[in-house]
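*Asks:* Handing you a structure now.
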Amino acid sequence: MIKEKYLDRLIVKPGKTLSLTDFNTGWAQSEALREAGKNAVKQRAAELLEENRAALAEAQELLWADKRYSILVILQGMDTAGKDGTIKHVMSGVNPQGCQVMSFGIPTKYELDHTFLWRFWKHMPRRGEIGIFNRSYYEDVLVPKVHPVILEGQHLPPGYGSDAFWEARYEDIRAFERHHHQNGTIILKFFLNISKKEQKERLLSRLKTEKKHWKFSLSDLTERQYWNHYQAAYEEAMFQTSHGDAPWHVIPADYKWVARTLVADIIVRAISRLDLRYPETSVERMKEIEKARIQLESE
Ligand code: AMP
Ligand code: MG
């Protein structure tokens, strides 16, 4: 596992404003890592990811048997930040029965007829399950924050777009997360932090590789022009909603292997902190099992 003190630096500290410029997007997060060299760090990261994948598969089975907790992983990031790839690589060893991935796009007309949290409620993971939100209700304090005109088509009561309106949304999110946390959901939030330069490379690669054309959307270029607005909206959202029960992690994501290794490690660590156990067999049940065994053997 990665050292706790190193992971601690990725957490958005509750109650403190933050600037994303203070967070490194690259692979060399410390002097020690830089000295070790990129190849050595990459090699170690691959080993760690493998170890954590196996640990996650095991932990998930125990989570399922224990049936008291669920895990919600929220992945956010700019276009091309690597949300899909992270899900694929981190979750590849987990039993699909105990895991659910939900991707959220632009809300439909029907979804807009409800409050902004409605469509997320019904996809919260069940007890024993790991749920992954590929984008989430955080989009509702990002996209319309950057483009307030969007709110005009959303049938909202008067006052939308004001400071009080955004404050209320952050408050709703905090309350929503508190409710789920108090009822056994462990919420882990990840912002995959890429640099603007790296996004350009990834978008270009989508344009230059035929097999990747399908991933490209013209709106990716439009939104890129609002890069600084999005950074500011993310900073505010994370400041408003990072708390002990549902912390935000700013994950350096210019190198996919860095992001995947860190996310896997943080999830495994969070599950291993729970007092999970296989249900105990009662004396009564033990007698039943013994009887069934004897009956079957004497057939
Ligand atoms: P993708 O993740 O590439 O499938 O794109 C989904 C798109 O839906 C992204 O551009 C998101 O920003 C957008 N989206 C998701 N939720 C919302 C929301 N609540 N309001 C506006 N746009 C959203
Ligand atoms: Mg996209």
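Just so it is clear, none of the values below were taken in a lab; they were calculated from the coordinates. Remember, predicted model here, so these are calculated numbers, not experimental data. Glycine also receives a Cβ, built like all others from the backbone with ideal geometry; neighbour counts cover every protein chain displayed.
*Asks:* If you scan the stretch 191-242, which residues turn out to be more than 14 Å from ligand 1 (Cβ to nearest atom) and β-branched (Val, Ile, Thr)?
*Replies:* If the condition is that a residue be more than 14 Å from ligand 1 (Cβ to nearest atom) and β-branched (Val, Ile, Thr), then 194, 209, 241 are the ones that fit.
*Asks:* OK, next. Please enumerate the residues belonging to the stretch 66-98 that are of a type in the set (A, V, I, L, M), more than 16 Å from ligand 1 (Cβ to nearest atom) and under 20 Å from residue 194 (Cβ atoms).
*Replies:* Result: 90, single match.
*Asks:* Here is a further query. How many residues are under 16 Å from residue 86 (Cβ atoms) and either within 12 Å of ligand 2 (Cβ to nearest atom) or out of contact with any Phe, Trp or Tyr (no Cβ under 7 Å at 6 or more places or on another chain) (or both) if we restrict to the stretch 190-216?
*Replies:* Of the residues in the stretch 190-216, 7 are under 16 Å from residue 86 (Cβ atoms) and either within 12 Å of ligand 2 (Cβ to nearest atom) or out of contact with any Phe, Trp or Tyr (no Cβ under 7 Å at 6 or more places or on another chain) (or both).
*Asks:* Residues to consider are 83, 88, 109; find the one that is of a type outside the set (Val, Ile, Thr), free of Cβ contacts under 8 Å to residues at least 24 places away in the same chain, over 16 Å from residue 272 (Cβ atoms) and within 16 Å of ligand 2 (Cβ to nearest atom).
*Replies:* Just one listed residue meets the conditions, 88.
*Asks:* Name the residue, out of 41, 101, that is surrounded by 16 or more Cβ atoms within 10 Å (Cβ to Cβ), of a type in the set (Val, Ile, Thr) and within 16 Å of ligand 1 (Cβ to nearest atom).
*Replies:* 101
*Asks:* Select from the stretch 230-260 the residues that are touching a helix residue (DSSP H, G or I) at 6+ places or on another chain (Cβ under 8 Å) and of a type in the set (S, T, N, Q) and write down the one among them that is surrounded by the most Cβ atoms within 10 Å (Cβ to Cβ).
*Replies:* 241
*Asks:* So which residues in the stretch 90-126 are part of a loop (DSSP other than H, G, I, E, B), closer than 20 Å to residue 143 by Cα and hydroxyl-bearing (Ser, Thr, Tyr), if there are any at all?
*Replies:* 108, 115
*Asks:* Can you tell me which residue is farthest from ligand 2 (Cβ to nearest atom) among those in the stretch 122-170 that are of a type in the set (S, T, N, Q) and within 26 Å of the chain's Cα centre (by Cα)?
*Replies:* Per the stated criteria, the residue is 136.
*Asks:* Looking only at residues that are in a loop (DSSP other than H, G, I, E, B) and within 15 Å of ligand 2 (Cβ to nearest atom) in the stretch 217-238, which one is farthest from residue 19 (Cα to Cα)?
*Replies:* 217
*Asks:* Tally the residues that are in contact with a Ser or Thr (Cβ under 9 Å, 6 or more places away or on another chain) and farther than 17 Å from residue 123 by Cα, restricting the search to the stretch 173-196.
*Replies:* Of the residues in that region, 6 qualify.
*Asks:* How many residues are free of Cβ contacts under 8 Å to residues at least 60 places away in the same chain and either of a type in the set (A, V, I, L, M, F, W, C) or crowded, with 16+ Cβ neighbours inside 10 Å (or both) if we restrict to the stretch 167-194?
*Replies:* Result for the stretch 167-194: 5.
*Asks:* Residue 149 versus (1) within 16 Å of ligand 1 (Cβ to nearest atom); (2) part of a helix (DSSP H, G or I); (3) aliphatic (A, V, I, L, M); (4) closer than 20 Å to residue 74 by Cα: which is the lone unmet condition?
*Replies:* (4)
*Asks:* Hey, could you check the stretch 108-141 for residues that are more than 11 Å from ligand 1 (Cβ to nearest atom) and among the aliphatic types (A, V, I, L, M) and say which is nearest to residue 85 (Cα to Cα)?
*Replies:* It comes out as 132.
*Asks:* All but one of (1) among the basic types (Lys, Arg); (2) in contact (Cβ under 8 Å) with a residue 12 or more places away in the chain; (3) surrounded by fewer than 13 Cβ atoms within 10 Å (Cβ to Cβ) hold for residue 197; which doesn't?
*Replies:* All conditions pass for residue 197, except number (2).
*Asks:* Also, quick follow-up: Can you go through 140, 163, 113 and tell me which one is crowded, with 18+ Cβ neighbours inside 10 Å and of a type outside the set (Lys, Arg)?
*Replies:* 140
*Asks:* How about the stretch 59-84: which of its residues are of a type in the set (D, E, K, R) and either surrounded by fewer than 21 Cβ atoms within 10 Å (Cβ to Cβ) or assigned to a loop (DSSP other than H, G, I, E, B) (or both)?
*Replies:* Listed by number, the residues that qualify are 61, 66, 67, 68, 79, 84.
*Asks:* In the stretch 56-81, what residues are farther than 13 Å from residue 264 by Cβ and within 13 Å of the chain's Cα centre (by Cα)?
*Replies:* 72, 74, 76, 77, 81
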